[in-house]
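Written out below as C-alpha cells is the structure these notes cover.
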Number of protein chains: 2
Amino acid sequence: MRERVSRAPTRVVPRRALFTVDLVLLAPRGKHLMLLLARAATNGTKERWLLPCDGPKKSESVEAVARRLVRDVVDRDVSWFEQAGAFGDAKRHAVTADVSICFVGVVPAQTQARPGFTWHPIADAALLPPRQLGMLETALVGVRNRMDYAPVAFRLLPEEFTLSELQQTYEMLLGRRLHKASFRRALQAAWLVEPTDEWRSEGRGRPAQLFRYAPRRRRGNRRGVRFDLLSG
Amino acid sequence: MRERVSRAPTRVVPRRALFTVDLVLLAPRGKHLMLLLARAATNGTKERWLLPCDGPKKSESVEAVARRLVRDVVDRDVSWFEQAGAFGDAKRHAVTADVSICFVGVVPAQTQARPGFTWHPIADAALLPPRQLGMLETALVGVRNRMDYAPVAFRLLPEEFTLSELQQTYEMLLGRRLHKASFRRALQAAWLVEPTDEWRSEGRGRPAQLFRYAPRRRRGNRRGVRFDLLSG
DNA sequence: GACATTAGTAGCAGCGCGCTACTTATTCGC
DNA sequence: GCGAATAAGTAGCGCGCTGCTACTAATGTC
C-alpha cells in the first residue's frame with residue numbers, strides 16, 4: 001500500500017469545468033413513445049440530431065437549467081421530470097462538456113415542439129453521440145423504475161381519464177403489455193383513483209367510466225427483502 | 001405564452017463552473033452504520049465535519065474522481081459504490097461548488113480511516129452543511145433501494161459467511177429488522193448462495209454453517225405494476 | 001442435567017398476481 | 001330489427017410469496 005498525504009477538504013479547490021444539463025423529453029404518440037431531438041447544424045451532407053442541452057447561466061441551479069431547457073423546446077410545462085444522473089466518463093459529449101447532468105421528463109401527446117426540435121421514435125436515437133446514448137438508456141430505465149413510486153402516468157393524462165387510457169399510458173412508458181384484470185385489481189387495492197359519474201363512448205364498444213386521480217394514504221409495509229439482483 | 005427564440009444546441013456554450021465529487025462512505029460498526037467524515041480546519045472554537053470531497057484533475061472522469069477520493073480517505077478499496085445524483089441547488093456547499101456529484105460506497109467493518117478522517121454515527125451528521133445533508137439522505141435512500149438489485153451486502157462480507165452475518169448486514173444497511181425464516185426462504189428461492197462443508201462455532205449457541213456467494217441465473221419475471229407511489 | 005443461547009426448519013394463513021372465462025354495453029353491417 | 005364485432009368490466013381459480021408462530025437442533029454455562 002503506497003503512502004498518501006491526507007488533504008483536509010477545506011483546502012480542496014474545485015477546478016472549473018464545463019458542464020451541461022441534457023434533456024431526455026418523452027411524449028406518447030399512438031402506442032409508442034417519442035423522443036425530442038434537436039437538429040444540429042448540418043456541416044456537409046450529414047444531418048445530425050442531439051439531445052437538447054445547455055449550460056447554466058450565472059448562479060442557476062441544476063434543476064432551474066432543466067426547467068428552462070423544457071421551456072425552450074416545447075410549448076408547455078413538463079408533466080413530470082427528475083434527474084437521471086451525472087455523466088462524466090471519457091465518452092465524448094456533443095458539445096465537449098466535462099460533465100453532463102441528465103434530466104428525463106414527459107409531456108402529453110399533443111405537445112408541440114418549438115422550431116429546431118422534432119419528435120422522433122426512440123429507435124432513431126441510435127445515432128446520438130456516445131455519451132448521450134448512454135444517458136438515454138439510463139433515462140429510460142430510470143423512468144420505468146420510478147413508475148411504481150411516482151404518478152408519472154397520472155400527470156400525463158387529463159384530469160379525467162378511462163382505465164384503459166391509464167393502462168395504455170403505463171404500457172407505453174414501461175414498454176411492455178400489462179394484463180387488464182390484474183392492472184385494475186392492483187389499482188383498486190392501491191386506492192389511487194376514484195370514479196366520476198361520467199361515461200365516455202369512444203366509437204364502438206361499451207362506454208368506459210371516467211376516473212380521476214385521488215390517492216389516499218396507505219400503510220407502507222415493505223418488510224422483507226426481494227433478492228432481485230441480477231449478476232455478481 | 002411568451003415568445004421564445006429557439007437555439008440550436010450546437011451553439012450552446014457551456015459555462016465553466018465549479019464542481020466537486022462528494023463521498024458518502026459507510027461501514028458497519030457493531031449493529032450500526034458509521035459514516036466517514038473529514039475534520040475541517042477549526043477556525044475559532046467550533047469544530048466542523050464535512051463529507052470528503054474533491055474537484056477533478058485534468059480530463060478525469062467523475063467516477064475516477066470518486067475512486068481517487070476513496071483511496072485518499074481509507075486504506076482499502078471500496079467494496080461497492082455508485083453515483084447517488086448531482087446536487088446543484090441554491091443550498092450552500094462546503095467549498096462553494098456550483099454542482100456536487102455525490103457517490104455512496106461501503107467498506108468492511110475494520111476499515112481504517114486515514115489521518116484527518118474519522119468514523120461517526122450517522123446521527124452525528126446532522127451538523128453537515130445543508131447540501132451535504134441532502135446528499136447524505138439521498139445516498140442512504142439510494143443504497144437501501146439498490147439492496148434488492150445489487151450484491152452490496154455480499155461484497156461487504158468475507159468470502160465465506162454465516163446466514164446470520166448476512167442477515168445482520170442486510171439489517172444494518174436497510175436500517176430495519178428482518179424476519180429470520182422469511183429472509184432465509186427468500187434467499188434460498190433466489191439461488192444466491194451455496195453452502196460450504198464448514199461450520200463455525202461462535203461462543204455459545206449452535207454452530208452456524210458457512211455459505212459463499214454463488215448466484216445462478218434466474219428468470220426475470222416482473223410483469224405487473226406495483227402502485228407503491230406515496231403522495232400526489 | 002437444567003438452562004440459556006444461537007442456528008435452522010415446518011407449516012399455516014393470507015394476499016398478490018397471472019390467467020381464463022365470463023358478462024355488459026355499445027356500434028356496425030345487413 | 002338483429003346478429004356480429006368490439007371494447008369495458010368482473011368472477012374466480014391456482015399458485016407462489018410472505019409474515020408469523022412454533023417448533024427442533026446443537027452448543028456453552030452453571
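Since every read-out is calculated from the coordinates, none of them should be taken as a lab result. Every value quoted in this text rests on a predicted model; they were computed, and no experiment measured them. Backbone-built Cβ (ideal geometry, glycine too); neighbour counts: all protein chains shown.
The table below lists the values:
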| read-out | value |
| --- | --- |
| Cα radius of gyration and Dmax for segment B:62-134 (Å) | 13.1, 37 |
| Debye log10 I(q)/I(0) at q = 0.09, 0.10, 0.11 Å⁻¹ for the protein assembly as shown, Cα point scatterers | -0.71, -0.87, -1.03 |
| 0 to 90° range, to nearest 10: angle between helix B:130-146 axis and chain B longest Cα axis | 40 |
| Pairwise label distance in nanometres, B:TRP191 with A:ARG217, each label 7 Å out on the Cα-Cβ vector | 4.4 |
| Helix-only [θ]222 nm of chain B, DSSP H runs n ≥ 4, -39500 (n - 2.57) each, per residue, nearest 500 | -7500 deg cm²/dmol |
| Local electrostatic count, B:ASP148, Cβ distance below 10 Å [Lys/Arg +1, Asp/Glu -1] | +2 |
| Nonlocal amide H pairs with B:TRP49, under 5 Å, H built at 1.01 Å | B:ALA40 |
| Anisotropy class of segment A:113-232 from Cα gyration tensor, a/c 1.5 cut | oblate |
| Residue (of B:THR169, B:ALA153, B:LEU136) at the positive-pole extreme of segment B:66-181, dipole from beta-carbon charges | B:LEU136 |
| Rotationally averaged projected area of segment B:172-232 (alpha carbon convex hull; nm²) | 7.2 |
| Of A:LYS31/A:LYS58; A:LYS31/A:LYS57; A:LYS58/B:LYS58, pairs whose Cα-Cα distance is over 32 Å | A:LYS31/A:LYS58; A:LYS31/A:LYS57 |
| Chain B: angle of helix B:62-73 to the longest principal axis, Cα-based, in degrees nearest 10 | 70 |
| Compactness index (Cα Rg / 2.2 N^0.38 Å), chain A | 1.23 |
| Where GluC sites (Glu not before Pro) in DSSP loops with at most 14 other Cβ within 10 Å are excluded, longest remaining stretch of chain B | B:48-158 |
| Qualifying chymotrypsin sites (Phe, Trp or Tyr not before Pro) for segment A:167-202 [loop in DSSP, other Cβ within 10 Å: at most 14] | A:TRP191 |
| Using a 7 Å Cα-to-Cβ projection, A:ASP197 label spacings across copies, nm, ascending | 7.8 |
| Two-site FRET efficiency, B:GLU82 against A:GLU159, from Cβ-Cβ distance with R₀ of 41 Å, rounded to 0.05 | 0.60 |
| Teacher prompt: A:ASN221 distances to equivalent labels in other copies, 7 Å Cα→Cβ, nm | 1.6 |
| Crossing angle, helix B:180-189 versus chain B [Cα axis fit, 0-90 degrees, rounded to tens] | 80 |
